[in-house]
Amino acid sequence: MSSAKDVQGPRARGPEAAPGSGPELSARDRGADPEPPPPGGVLWSLSGDIRALLMLPAALTLQVAHPAVGAGVDEHSVFRTDPWGRGERSLRSLQLWVYGGEQAAEEGRRLRALHRTIQGTDTRGRRYHALTPANYAWVHATGFPVYQHAARQLIRPMTPAQERALYAEWLQVGRILGIHDRDMPQTIEEFWPYWKKMLAEEIEATTVVRELVDVDQPVPPPDRGAWPLRTVLRALWPVLLPPLARFRRFVTIGLMPPDARAAVGLPWSAEQEKRLRRMCAVLRVVVPVLPERLRYLPRARAARAAHRTAAPNG
């Protein structure tokens, strides 16, 4: 069994806040780069674990449940035409925030530059910009409650000290992304009222949310990996896609915090909860006994090995 050591909001300024007043002009951009989360911390163990892959769909779906974020993804993202490339880039980016060292801040700057031209009108008729502080911070804020809830299922519940450490480290990641401290709740005690307010007033089943949980949504076969594997997958894709789509919906809804699931209006039954708990129970036993090369994602594995080598007793 895994042990507890295994898992070692925005003050809204309104959707019309000028992009120039937002994260892209952070003082940190003009001075020393913010530090990534520390080696050996909660995120160091959590975000590189292969079980974290099951947590990401819930966080991504919650992000686009915000009308402005959902509109931006709907109008500007290539997730429909290049889902595998989009997913690969998102995972690479997330891993850089935690394990990238000096590359972490560089990745943050790249993301801000990428989002500077994303703007439009959301489903409520409000003008949005991707870097408006309230919008940009929400995208980041969703990671903490999803990690907290999903880790309870897939790994084990965190202690109060671990939860506080996770939140503090998530704030560090936010600084890497260029989010001002004033635009994120600075303590857990401040976070939960913000979270409840967002669920009550902003979150909805946007077009992109409905697509992400739709089992009939067309998805092209993977275009990454070795050519023989791609060929086999392409041939078998009509058979493989339906169960994969059902599994994606299952983990997306199941690993979403229950209050968020209810706010978005996603159905979830007692029988589904039993199935989820059985699956998670198996993963809690199996994953910790896997060798490190199978348990951790490649960038996390490399960073952990480099850290051990650099340690005084490494």
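Within the range 63-82, restricting attention to residues that are outside any helix (DSSP H, G or I) and β-branched (Val, Ile, Thr), which residue is surrounded by the most Cβ atoms within 10 Å (Cβ to Cβ)? Write out each step before concluding.
If we filter the range 63-82 for residues that are outside any helix (DSSP H, G or I), which is where we start, we get 64-66, 77-82.
Keeping just the survivors that are β-branched (Val, Ile, Thr) gives 64, 78, 81.
Details: Val64: 25, Val78: 11, Thr81: 9.
Among those that are outside any helix (DSSP H, G or I) and β-branched (Val, Ile, Thr), it is Val64.
The set of residues from the range 112-133 being out of contact with any strand residue (DSSP E or B) (no Cβ under 8 Å at 6 or more places or on another chain) and small (Gly, Ala, Ser) comprises Ala113, Gly125. Against the test of being modelled with pLDDT of 90 or more and open to solvent by 40 Å² or more (accessible area, probe 1.4 Å), the options Ala113, Ala12 yield a single qualifying residue, Ala113. Being open to solvent by less than 40 Å² (accessible area, probe 1.4 Å) and polar (S, T, N, Q) is true of Gln148.
Of the helices (runs of 4 or more DSSP H) lying entirely inside the range 165-255, the ones with 3 or more residues being open to solvent by 70 Å² or more (accessible area, probe 1.4 Å) and within 30 Å of Arg112 (Cβ to Cβ) are found at 188-201.
The values are calculated or read from the model by the stated rules, or taken from the named source; none is laboratory data. From a predicted model like this one, the values you see are computed outputs, not experimental measurements. Cβ atoms come from the backbone with ideal geometry, glycine included; neighbour counts cover every protein chain shown. Only protein heavy atoms, including side chains, enter the accessible area calculation; ligands, DNA and RNA are left aside. Shrake-Rupley method; radii C 1.70, N 1.55, O 1.52, S 1.80 Å.
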